[in-house]
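Engineer: Right, I'll just put the structure down here and ask away after.
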């Protein structure tokens, strides 16, 4: 089932509706490191995390590590993957590098972790929008069949983050398309745009969604350009408030 806003009580831009359909197709597709079935299961668990008693107790505690227990989950994914999904969804502001290292040591490969986070982000972007305009969340898509290629990009390195990212000088054409050229002819890569670059397909898809829901790069770095019907100050106010409500670490 693909997102459709024909019955929305509020008008929805055509490009926004299409971006959400693309996001749903992306979630359902065979990933670089995960199958379509795993990816749709991650989206479902992303939605379910808010129902987890352990996560609610951890979120209310002074430290999430002070609360022991087992996650309430849908049963389709391993416990270590459920832990990553639930913590990223419910308590992102208190994630630490040591927690990430523990997740990786549990058997999750670095690119798998990145792909999991990407699916969470895609799902939450669309769900937050439907919640905001007061309509039911879209049904999740049917997963595609296929096996992931499990390929890492050349040039990824530990340079700015807890996981490897790809700097502009090592980026391929796909990544260069999302690394803005705002200083002469040399592409730059703000850290937020490099965050998913260990799995380039995920970075490209997420920022295709981001650029429609938020602002495209040319508008972010050029004050006179504003493709939205509200001012940039209003855009930033809304974005900051949503980020705060979601506990955005960044």
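Engineer: Counting only C-alpha contacts under 8 Å and six or more residues apart, can you give the relative contact order of region 91-205 as a whole percent?
Structural biologist: Here the relative contact order equals 24 percent.
Engineer: Continuing with this model, one more query. Could you order peptides 110-116, 135-141 by the average number of other Cβ atoms within 10 Å of their residues, highest first?
Structural biologist: Descending packing order for the listed peptides: 110-116, 135-141.
Engineer: How much space per residue, in cubic angstrom, does the convex hull of the C-alpha atoms of the chain take up?
Structural biologist: 138 Å³
Engineer: Classify region 126-250: rounded, prolate or oblate, from the alpha-carbon gyration tensor (a ≥ b ≥ c, eigenvalue square roots; a/c under 1.5 rounded; otherwise prolate if a/b is larger than b/c)?
Structural biologist: Since a/c reaches 1.5 but b/c is at least a/b, the shape of region 126-250 is classed as oblate.
Engineer: Roughly speaking, what is the centre-to-centre gap between region 189-250 and region 56-129 when only Cα atoms are used, to the nearest Å?
Structural biologist: 22 Å
Engineer: Would you mind calculating the relative contact order of region 21-149 from Cα pairs under 8 angstrom and at least 6 residues apart, reporting the percent as a whole number?
Structural biologist: Across region 21-149, relative contact order equals 43 percent.
Engineer: State log₁₀ I(q)/I(0) for region 54-174 at q = 0.12, 0.13 Å⁻¹ as given by the Debye formula over alpha-carbon point scatterers of equal weight, solvent excluded.
Structural biologist: Normalising to I(0) and taking log10 leaves -0.60, -0.70.
Engineer: What number, in percent, do you get for the relative contact order of the chain if the mean sequence gap of Cα pairs under 8 Å and at least 6 apart is divided by its residue count?
Structural biologist: With pairs under 8 Å counted, the relative contact order is 23 percent.
Engineer: Of the peptides 146-155, 197-206, how do they stack up when ordered by the mean number of other Cβ atoms within 10 Å, highest first?
Structural biologist: Going by the mean number of other Cβ atoms within 10 Å, highest first, we get 197-206, 146-155.
Engineer: Beta carbons within 10 angstrom, averaged per residue: use that to sort the peptides 224-232, 32-40, highest first.
Structural biologist: Details: 224-232: 10.8, 32-40: 21.4.
Ranking the peptides 224-232, 32-40 by packing returns 32-40, 224-232.
No value in this document is a laboratory result; all are computed from the given coordinates. In this text the structure is predicted, and so the values were computed from the model without any measurement. Cβ coordinates were reconstructed from backbone atoms using ideal geometry, including for glycine residues, and neighbour counts include every protein chain displayed.
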